[in-house]
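I have placed the structure first, in the form of structure tokens, so that the comments after it can refer back to it.
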Amino acid sequence: GLTDAAISNGATGKVNVKGSINSKQSGLTIGSDYYVQADGSVSTTSTSPAVKIGQAVTATTINLMDLT
């Protein structure tokens with residue numbers, strides 16, 4: 001999932017999971033697919049072992065698609 005804010009190790013916070021919407025991102029390209037990279041970063045690049053997590057619906061909102 002994606003968080004709404006930076007969460008320190010051992011801290012708690014809200015995490016959006018598949019099938020939900022996260023509107024706390026920035027700099028997204030509308031209509032682009034987004035992937036989680038091996039280092040935990042999110043980008044439009046699909047490099048192995050990247051996993052598709054969703055699609056940008058606005059510059060700040062990503063639809064975390066339920067891909068099951």
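The values are calculated or read from the model by the stated rules, or taken from the named source; none is laboratory data. Please read all numbers here as calculations on a predicted model, not as lab measurements. Heads up, the Cβs are rebuilt from the backbone with ideal geometry, glycines too, and the neighbour counts pull from every protein chain shown. For the accessible areas, the whole protein counts, side chains as well, though only heavy atoms, and no ligand, DNA or RNA atoms are used. Shrake-Rupley method; radii C 1.70, N 1.55, O 1.52, S 1.80 Å.
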message: Just to be sure I understand, how many residues within the stretch 1-22 are part of a loop (DSSP other than H, G, I, E, B), within 16 Å of T60 (Cα to Cα) and open to solvent by less than 70 Å² (accessible area, probe 1.4 Å)?
response: 3
- prompt: Can you pull out the residues in the stretch 35-44 that are open to solvent by less than 70 Å² (accessible area, probe 1.4 Å) and in contact with a strand residue (DSSP E or B) (Cβ under 9 Å, 6 or more places away or on another chain)?
  reply: Y35, V36, Q37, V42, S43
- prompt: Got at least one residue in the stretch 52-68 being within 18 Å of A5 (Cβ to Cβ), part of a loop (DSSP other than H, G, I, E, B) and touching a strand residue (DSSP E or B) at 6+ places or on another chain (Cβ under 7 Å)?
  reply: yes
